[in-house]
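One structure below.
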Amino acid sequence: MTTHYEVRRGVAVITLDHPPVNSLDHATRRSVVDGIDRALADDDVVAIVIAGAGSAFSAGADISEFGTAMAQCEPSLHAVIRIIENASKPVVAAIHGVAMGGGLELAMGCHYRMATATAQIALPEVHLGLLPGAGGTQRLPRLLGLEEALNMIVSGTSVPAGQLSGTPLFQDIVEGELLPAAIAYAREVACAKVHPKARDRVVQHENAEGFLAYARQAVAAASKQHPAKAKCIDAIAASLKPFDEGAAYEWACFEQLQATPESRALRHAFFAERAATRIADVPADTPTRRIDTVAIVGAGTMGGGIGMCFLNAGIPVTLVDTTDAALDRGVATILRNYEASASKGKLTREQVGQRMELLRTTLAYNDIRDADLVIEAVFEDIAIKQSVFHRLDEVMKPGAILASNTSTLDIDRIASFTRRPQDVVGTHFFSPANVMRLLEVVRGAQTGKDVLATVMQLGKKLRKVAVVAGVCDGFIGNRMLEQYSRQAGLLLDEGALPEQVDKAIEHFGFAMGPFRMIDMAGNDIAWAIRKRRYIEQPDFTYSMTGDILCEQGRLGQKTGAGWYDYKTGDRRAYPSAQVNAMIVQHSRDLGLVRRRIADVEIVERLVYALVNEGARILEEGIAAKASDIDVVYLSGYGFPAYRGGPMLYADQVGLYNVVRSMRRFANGYHGQAWQVAPLLQRLADAGRGFND
Ligand code: 3HC
């Protein structure tokens, strides 16, 4: 049963009980209607309360039903809301935890609503490329007023119910126990002759047309890739019309949006992120280790950023480094970052103080022996890692987790520097670690399942998106990025310039093109990797333009010059005549006749390079699922959310078409880079996709 029914003091209480978040799937909808029918047929029942079991009232429609016949299988959510609204006995929604999407729409169909002050109220459909489709765009403006409703719906953000107190959305914000208060209220209103319906109200606003025009203009720039925002405004505008007319328009918009590739991609991303936390051979009930204190070895940019993640989560941190000066610099940077947040109003001075209170420093490894987790964030040099892990193995208490933040080195080799490889794991944070959401959790051959489960759980506590990767050079993200950057370089040899490449891929939706990105990260990092590759894999070819750039001292923003020119105090990238001339000269030196390269070729070559390496990563088991690769690219590499990640994008293009393009590129310059990954070929031949 997905609801419970009981009668308390003449009030029927229908409790949604569909863990974990009481989504309104078909069974739950039917069960609500059964409860309403039963209550209406019982002469001893004078009123009805709808509440939620567990941590939520309801998180809304069941997203996994979208696009299936089940979503509209009667009773649809519309039918449930209609039945509630037309009930002859008063229906009160008792809201705690979250009331989101269809959950809030159902509550707005009730005659009365009561909530705890902390209940999170939202219509977040826009994040899924949708709009509220069960009356949300019609009832919320009637209950909250046009402006507030529009802001909530277009942003999709949640608001604590306490902040909406005094509006017709809530008859009461309850301080004590919610259910007894809702039952008492339901008894009180039972004898009223008529019960209010949100649909009968009129939308309040002094200058509705002017405000709507302003709102349309505000979302116009993003509307091409996010059609949902503009549609939300259109549907909200329809709330000025008679209810049924507006509701019919809302539903038509919902159906259109549901079929867009943007919405499919965003729904994929929603489930992919959650699926990433499930590891096939590590069951959900795997015991975890307690992490109350953390030590970080290395107080540099990375170590400090990682430290901030823990401080933000209220976990005490001890920073270890080799000199007082390094520690002082690390602490000063952390404080500066927090003060910058405080000056922007993101943190209070008190919160800054609380975080800094949790921070300690030391030069002595002995001082961190009792930490539950230690993360090494020192220079990427295996000899340095070896000495750090030897020392950690000597001092750390038994059962402590020993993590490395390495972005390229072999975790199994690092684990072999200790006598406890089961306790060693990779935690690859992305820079700036306190901002970036992605955390690659690198599972070594001997990493304990409890260690893995603990780190994944910790990821959620740190508000990171944690994805498990196997051991290989570059793990998931950077290994794929190398192929992407390599294509970007080869495009320069053939005829493109950095600005054209960046603009083409940014137009596709990437937050930043490859050349702007590498200028920010520092060209010397990729240069060091290439130098290593020249020795390890001499037949692996790159454009030499990146090396020439570094030899000229143009390392990126930090040297004021990279692929672009930079001005002091200005982070904008200005195309560089000097660099462009160097690129053209290099083509000449290679004997290449430069050609005009279409933007569509640039995008295909960059994205399909990711897809091909992603397929290899999948086949080798470095990533467990195609959707894990998508999550890495969406949360760590600026891949556009509305395209769902490289693997879903390839599925949407059709793998057959992807392979055809790759075969074409294979006949071009350095075509050997385009050997189709066996898994990709097999799936394309079978007419299947990565995410099937
Ligand atoms: N439908 C289906 N499954 C849902 C769901 C939903 N609306 N909301 C959450 N879930 C599932 C998650 O997939 C996850 O499943 P898993 O355990 O199998 O991986 C589980 O519930 C727990 O979710 P979280 O890990 O996200 O739990 P949190 O406690 O961190 O967050 C939450 C809870 C804030 C409710 C968050 O899950 C959330 O934001 N959910 C989506 C809310 C939403 O977008 N609602 C609108 C739905 S569309 C709609 O209602 C259309 C209507 O207008 C017609």
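The values are calculated or read from the model by the stated rules, or taken from the named source; none is laboratory data. Just so it is clear, the model here is predicted, and its values are computed rather than measured. Heads up, the Cβs are rebuilt from the backbone with ideal geometry, glycines too, and the neighbour counts pull from every protein chain shown.
Go through (1) surrounded by fewer than 24 Cβ atoms within 10 Å (Cβ to Cβ); (2) under 19 Å from Ala673 (Cα atoms) for Tyr637 and report which single condition fails. (2) is the only condition that Tyr637 fails. In segment 5-25, the residues that are closer than 18 Å to Ile95 by Cα and of a type in the set (Val, Ile, Thr) form Cβ pairs under 6 Å with partners that are within 16 Å of the ligand (Cβ to nearest atom) and assigned to a loop (DSSP other than H, G, I, E, B), at six or more places apart or across chains, as follows: Thr15/Ala53; Val21/Ala56; Val21/Ala59. Assess whether Leu648 counts as being surrounded by 20 or more Cβ atoms within 10 Å (Cβ to Cβ) and hydrophobic (A, V, I, L, M, F, W, C). Yes: the conditions hold for Leu648.
From the residues in segment 208-254 that are of a type outside the set (D, E, K, R) and not in a helix (DSSP H, G or I), which one is farthest from the chain's Cα centre (by Cα)? Of everything passing the filter in segment 208-254, Pro242 is farthest from the chain's Cα centre (by Cα).
Applying the selection to segment 222-233, what residues are without any contact (Cβ under 8 Å) to a residue 24 or more places away in the chain and crowded, with 17+ Cβ neighbours inside 10 Å? Passing the criteria: only Ala230. Checking each residue in segment 115-135 for being farther than 23 Å from Phe271 by Cα and either touching a residue at least 60 places away in the same chain (Cβ under 8 Å) or among the aliphatic types (A, V, I, L, M) (or both) picks out Ala115, Thr116, Ala117, Ala119, Gly135. Would a scan of segment 16-26 turn up a residue that is assigned to a strand (DSSP E or B) and farther than 29 Å from Arg187 by Cβ? Taking every residue of segment 16-26 in turn, none turns out to be assigned to a strand (DSSP E or B) and farther than 29 Å from Arg187 by Cβ.
Of the residues screened, Arg554 is one that is crowded, with 20+ Cβ neighbours inside 10 Å and among the basic types (Lys, Arg). Being in contact with a Lys or Arg (Cβ under 6 Å, 6 or more places away or on another chain) and not aromatic (Phe, Trp, Tyr) is not true of Val202. Only one of these is assigned by TED's automatic domain parsing to the domain that holds Leu491 and closer than 15 Å to Ala488 by Cβ: Tyr633, Tyr608, Tyr642. Name it. Matching residue, one of Tyr633, Tyr608, Tyr642: Tyr608.
Quick grid of which residues meet (1) of a type in the set (Asp, Glu); (2) in contact with a Leu (Cβ under 9 Å, 6 or more places away or on another chain); (3) in a helix (DSSP H, G or I); (4) within 9 Å of the ligand (Cβ to nearest atom):
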position: Leu40; (1), (2), (3), (4): no, no, yes, no
position: Asp43; (1), (2), (3), (4): yes, no, no, no
position: Ile50; (1), (2), (3), (4): no, yes, no, no
position: Pro75; (1), (2), (3), (4): no, no, no, no
position: Arg113; (1), (2), (3), (4): no, yes, no, no
position: Pro141; (1), (2), (3), (4): no, yes, yes, no
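Of Ile548, Ile505, Ile525, Ile518, all but one fail to be β-branched (Val, Ile, Thr), part of a helix (DSSP H, G or I) and farther than 29 Å from Ser635 by Cβ; the exception is Ile548.
The single condition from (1) assigned to a helix (DSSP H, G or I); (2) closer than 30 Å to Pro398 by Cβ that Asp328 fails is (2).
Residue-wise test of (1) more than 24 Å from Ala235 (Cα to Cα); (2) assigned by TED's automatic domain parsing to the domain that holds Ala222; (3) of a type outside the set (A, V, I, L, M, F, W, C).
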residue	(1), (2), (3)
Ser31	yes, yes, yes
Ala56	yes, yes, no
Gly60	no, yes, yes
Gln72	no, yes, yes
Glu85	no, yes, yes
Val92	yes, yes, no
Met100	no, yes, no
Leu106	no, yes, no
Leu143	no, yes, no
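Any residue at all in segment 455-473 that is farther than 30 Å from Gln585 by Cα and over 24 Å from the mean Cα position of the chain (by Cα)? Yes: segment 455-473 contains one or more residues that are farther than 30 Å from Gln585 by Cα and over 24 Å from the mean Cα position of the chain (by Cα). Within segment 611-620, does at least one residue satisfy the condition of being assigned to a loop (DSSP other than H, G, I, E, B) and surrounded by fewer than 17 Cβ atoms within 10 Å (Cβ to Cβ)? Looking through segment 611-620, at least one residue is assigned to a loop (DSSP other than H, G, I, E, B) and surrounded by fewer than 17 Cβ atoms within 10 Å (Cβ to Cβ). Has segment 287-304 got any residue that is touching a Ser or Thr at 6+ places or on another chain (Cβ under 6 Å) and either free of Cβ contacts under 8 Å to residues at least 60 places away in the same chain or assigned to a helix (DSSP H, G or I) (or both)? Scanning segment 287-304, I find at least one residue that is touching a Ser or Thr at 6+ places or on another chain (Cβ under 6 Å) and either free of Cβ contacts under 8 Å to residues at least 60 places away in the same chain or assigned to a helix (DSSP H, G or I) (or both), so the answer is yes.
A quick yes/no check of all residues on (1) in contact (Cβ under 8 Å) with a residue 40 or more places away in the chain; (2) within 23 Å of Asn337 (Cβ to Cβ); (3) assigned by TED's automatic domain parsing to the domain that holds Gly636:
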residue	(1), (2), (3)
Ile375	yes, yes, no
Ile382	no, no, no
Ile411	yes, no, no
Gln422	no, no, no
His428	yes, yes, no
Asn434	yes, yes, no
Leu439	no, yes, no
Val442	no, no, no
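Among the residues making up segment 393-406, those that are surrounded by fewer than 21 Cβ atoms within 10 Å (Cβ to Cβ) and assigned to a loop (DSSP other than H, G, I, E, B) are Lys397, Pro398, Gly399.
Conditions tested, residue by residue: (1) assigned by TED's automatic domain parsing to the domain that holds Phe429; (2) of a type outside the set (S, T, N, Q); (3) buried (at least 20 other Cβ atoms within 10 Å of the Cβ); (4) part of a helix (DSSP H, G or I).
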| position | (1), (2), (3), (4) |
| --- | --- |
| Thr447 | yes, no, yes, no |
| Leu452 | yes, yes, yes, yes |
| Met456 | yes, yes, yes, yes |
| Lys460 | yes, yes, no, yes |
| Arg463 | yes, yes, no, no |
| Leu481 | no, yes, yes, yes |
| Arg486 | no, yes, yes, yes |
| Leu490 | no, yes, yes, yes |
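Residue by residue through segment 56-73, note down the ones that are assigned to a loop (DSSP other than H, G, I, E, B), at pLDDT 95 or above and within 8 Å of the ligand (Cβ to nearest atom). Hits for segment 56-73 are Ala56, Ala59, Gly60, Asp62. Can you pull out every residue in segment 150-183 that is surrounded by 16 or more Cβ atoms within 10 Å (Cβ to Cβ), more than 16 Å from the ligand (Cβ to nearest atom) and either within 19 Å of Ala53 (Cα to Cα) or modelled with pLDDT under 95 (or both)? Residues satisfying the conditions are Ile173, Val174, Leu178, Leu179, Ala181, Ala182, Ile183.
Going through (1) over 18 Å from Val21 (Cα atoms); (2) without any contact (Cβ under 8 Å) to a residue 60 or more places away in the chain; (3) within 12 Å of the ligand (Cβ to nearest atom) one by one, Met108 falls short only on (2). Look through segment 347-388, keep the residues that are polar (S, T, N, Q) and farther than 18 Å from Gly303 by Cα, and return whichever of them is farthest from the chain's Cα centre (by Cα). Out of the qualifying residues, it is Asn366. Inside segment 82-105, residues that are more than 9 Å from the ligand (Cβ to nearest atom) and either in contact with a strand residue (DSSP E or B) (Cβ under 8 Å, 6 or more places away or on another chain) or not aliphatic (A, V, I, L, M) (or both) make up a count of 15.
For segment 642-682, the tally of residues that are of a type in the set (A, V, I, L, M) and free of Cβ contacts under 8 Å to residues at least 40 places away in the same chain stands at 4.
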